Amino acid sequence: MQIGFRELALSTLAAAALAGFAPCASADSFRVLQPLGDKPTKLKDGRYYVPTTPETARWGSLPNADSKPVLTLPSGSVVIIDTVSHEGVLEDQGKDPVKFFGKHGVKPDQVLNDAKAIAASNLEHDFVKDGPHVITGPVEVEGAKAGDVLLVEMLSLQPRVPYGVISNRHGKGALPGEFPENKGPQAGADAAHPELYANVFTFTPIRQTGGKWYGIVKGTAGPEAHIPLKPFNGTMGVAVNTKEKPNSVPPGAYAGNLDVNELGVGAKLYIPVQVDGALFYAGDPHFVQGDGEVALTAIEGSLRSTYRLTVLKGGDPRLPMKAPMKNPFAETKDYWIPIGLNTDLDDAMKDATRQAVQFLNEKLGIDRATALAYLSAGADFQVTQVVDRVKGVNAIIRKADFARKDR
C-alpha cells in the first residue's frame, strides 16, 4: 500500500492551523478522509498506519493484560491512527450513521466507511454497561516494560469529516436529572427505536471563517456560537494491568479517557506503563472541548492522528519526575501539566497538587515548601471533566515563569 507523505500528515505548524482542510467552507467540498487501508501496516517512509476496523477496535472497553497487539513497532516510531467518533453509531442514535447524519443534510459519501463498518459489525457493545467509545489498537512498543514511561508526542491531528456532535444523555453529564429537559427514556428504547431514549444531540457543522475553522453551535433561538477548533483525542493510553474488561469511561494511571484539551498538536503525554509492551491505543476524538465537558461530550468528530511513541526508562532526562510515575503527566510548548485523577473532585485536586509539587521538586530542584507557595500564586488548576466517573484536575504551570531572563 503506497501512501504519500503529503496525503497523510501535516507539519506541526500546518496541523496547528488545520491546514489539511479543504479551502472552502462548503461541506460538499470538504475532503473527507476515508481509511487508507483495511489492515495495520508499515509504510514505505518508515511510519506505521492503523485503521479502525472490527478487527483492530473494541467498543466501550480498553485493552488489558491479555490483549494482543494489532501492530508491533520499535520505540521512537511514528504511527498514524484513524480514530472514529462513537457519535452516530451508538444504539440511542440507531446504529446507522448514514441515516443519523442524513437527517442533518450529510450525504452518504461524507460518512466515514469505518464508522459504517463499526455500526454494522458484530463488535461486542452493551449500551448500558460498556463505555460509548470506539477504541483503536493496541499497538505494542518494543522494549516497554511495566514501570517504564511511554512518551506520546502529538504530531498531527486532522479532522476527517466536516461535522461533529455534542451529546447530552440521561443520567449523565454535570446535571443528571436536570438535563435533558424532557420526560426521559421510554419503555422499548433500543437501536430500532432510538427516539425513545429521549437523549439530545446537537449537530455541529464545522465552517471556515477568515481562514480559521470553527464548530458552529446553533439552537432554535439566539445567536450562533463559533468555537475555534482545537482537535485532540480524549482517550489515549496503555493497557490496564488486569484480566478483567476495563470500561472505557473512567481514566486512571494508564491514562485512557483523560479528556485533557491541552493535548493538541505539539503536546506530549507521559504515561506510566502498566504491562510489558505498553499496548497503546487511541479513541474518543474531539474537535474541541471545554474544561468540565458539562453536557457529557465535546464536539465529537473523527480524526486522523499521528503520534511518535517512545519508551523512557528510569533515569532518562526526559522524564518529568522519577519513574515509576503514579499518574500521567502532560506538557506543551508553554506549559507543564500535572494531572490529578480521583472519583472525588476534592481528592483529584489534591492529586494534581501533589504531582505538581513532586515535579517542581524533582525536575526543577525547588524545595517542596517553595513549590507549594509558587503553585498557590502562579499556577492555574483546571477541572478537565466531571462526567467520566473519575474526575480530572490539571495544574497549568507556565514554563516562562522559570525561564532565565537576561539582565
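The values are calculated or read from the model by the stated rules, or taken from the named source; none is laboratory data. Here the structure is a predicted model, which means the values were calculated and not measured. Glycine also receives a Cβ, built like all others from the backbone with ideal geometry; neighbour counts cover every protein chain displayed. In case anyone asks, the SASA skips ligands and DNA or RNA and just uses the protein heavy atoms, side chains included. Shrake-Rupley method; radii C 1.70, N 1.55, O 1.52, S 1.80 Å.
Run down Val200, Val240 and say which single residue is within 27 Å of Ala255 (Cα to Cα), aliphatic (A, V, I, L, M), touching a strand residue (DSSP E or B) at 6+ places or on another chain (Cβ under 9 Å) and crowded, with 16+ Cβ neighbours inside 10 Å.
Val240
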Query raised in the report: Can you find even one residue in the range 219-236 that is open to solvent by less than 10 Å² (accessible area, probe 1.4 Å) and aliphatic (A, V, I, L, M)?
Result: yes
Requested in this report: Counting only residues that are more than 21 Å from Thr310 (Cα to Cα) and out of contact with any Gly (no Cβ under 6 Å at 6 or more places or on another chain), give me the strands (runs of 3 or more DSSP E) lying completely in the range 41-116 with at least 1 of them.
Outcome: 57-59
Query raised in the report: How about the range 358-387: which of its residues are exposed (fewer than 12 other Cβ atoms within 10 Å of the Cβ) and not in a helix (DSSP H, G or I)?
Result: Gly365, Asp367, Asp380
Requested in this report: Look at the range 286-323 and say how many of its residues are within 19 Å of Ile216 (Cα to Cα), out of contact with any Asp or Glu (no Cβ under 7 Å at 6 or more places or on another chain) and not in a loop (DSSP other than H, G, I, E, B).
Outcome: 4
Query raised in the report: Say we look at the range 324-337 and pick out the residues that are assigned to a strand (DSSP E or B) and closer than 17 Å to Met236 by Cβ; which of these is nearest to the chain's Cα centre (by Cα)?
Result: Ala330
Query raised in the report: Regarding Val249, is this residue modelled with pLDDT of 95 or more, open to solvent by 10 Å² or more (accessible area, probe 1.4 Å) and under 20 Å from Thr56 (Cα atoms)?
Result: yes
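Among the residues of the range 156-168, is any assigned to a loop (DSSP other than H, G, I, E, B) and open to solvent by 10 Å² or more (accessible area, probe 1.4 Å)?
No, because not a single residue in the range 156-168 is assigned to a loop (DSSP other than H, G, I, E, B) and open to solvent by 10 Å² or more (accessible area, probe 1.4 Å).
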